[in-house]
Amino acid sequence: ELSLSTSNHTSVHLELASYKKGKKNKIRFKLPFNSTNKFMLHICEQGEEKPHILWMKGAPERIWSRCNTILIDGKEKKKDEYKAEYDKGLFTLMNNGERVLGLCYTELPADKYPSDFKYNWEGERGEESNFP
């Protein structure tokens, strides 16, 4: 049984992402949403011998700027060739009064971020942090 303490649907999805086969994987680091960053993030364990995973949600332009690739039909593609399509879609949604959130994730290499790594957010926008 899952018990979540939030009514924000996308936050619930990030919490659910930390579960695997009914077992909650430890959340190693949380950065709550704030108006400076315009995003929030979780870094979770994925189980023994597996890399940590970083999940983010927030303003689409903040998420887009932190990514190098996008998933299209389950395949990873370089994002640059999709920039015009992204801009057009985002503009259309926002012009129609839709609330738009960006979501992304990345696995953090285990050799650089071992299981006991202490994540630290530094600087107003995280520019001096010890993770991407």
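The values are calculated or read from the model by the stated rules, or taken from the named source; none is laboratory data. Fair warning: this is a prediction, and the values are worked out from it, not measured in the lab. Cβ sites come from the backbone with ideal geometry, for glycine too, and all protein chains shown count toward neighbours. With ligands, DNA and RNA removed, areas are computed over all heavy atoms of the protein, side chains included. Shrake-Rupley method; radii C 1.70, N 1.55, O 1.52, S 1.80 Å.
In region 86-132, which residue that is assigned to a strand (DSSP E or B) and open to solvent by less than 80 Å² (accessible area, probe 1.4 Å) is nearest to GLY47 (Cα to Cα)?
Of all residues in region 86-132, those assigned to a strand (DSSP E or B) come to 102-108.
From the residues that got through so far, the ones that are open to solvent by less than 80 Å² (accessible area, probe 1.4 Å) too are 102, 104, 106, 108.
Values: GLY102: 26, CYS104: 20, THR106: 15, LEU108: 13 Å.
Across region 86-132, the extreme among qualifying residues is LEU108.
Within region 46-63, the set of residues being in contact with a helix residue (DSSP H, G or I) (Cβ under 7 Å, 6 or more places away or on another chain) and open to solvent by less than 40 Å² (accessible area, probe 1.4 Å) comprises MET56, LYS57, PRO60. Note on region 26-85: among residues that are of a type in the set (D, E, K, R) and part of a helix (DSSP H, G or I), the one that is farthest from ASN120 (Cα to Cα) is GLU85. Contact annotation: residue pairs with Cβ atoms under 6 Å, 6 or more positions apart or on different chains, pairing a residue in region 35-46 that is within 10 Å of ARG62 (Cβ to Cβ) with a partner that is open to solvent by 10 Å² or more (accessible area, probe 1.4 Å) and not in a strand (DSSP E or B), are LYS38/ALA59; LYS38/ARG62; PHE39/ARG62.
Filtering region 26-41 to residues that are open to solvent by 10 Å² or more (accessible area, probe 1.4 Å) and either under 14 Å from the mean Cα position of the chain (by Cα) or more than 14 Å from SER129 (Cβ to Cβ) (or both) leaves LYS26, ILE27, ARG28, PHE29, LYS30, LEU31, PRO32, PHE33, ASN34, SER35, LYS38, MET40.
Among residues of region 70-86 that are among the acidic types (Asp, Glu), those with a beta-carbon under 7 Å from a residue that is open to solvent by less than 50 Å² (accessible area, probe 1.4 Å) and in a strand (DSSP E or B) at least six positions away or on a different chain give the pairs GLU76/THR69.
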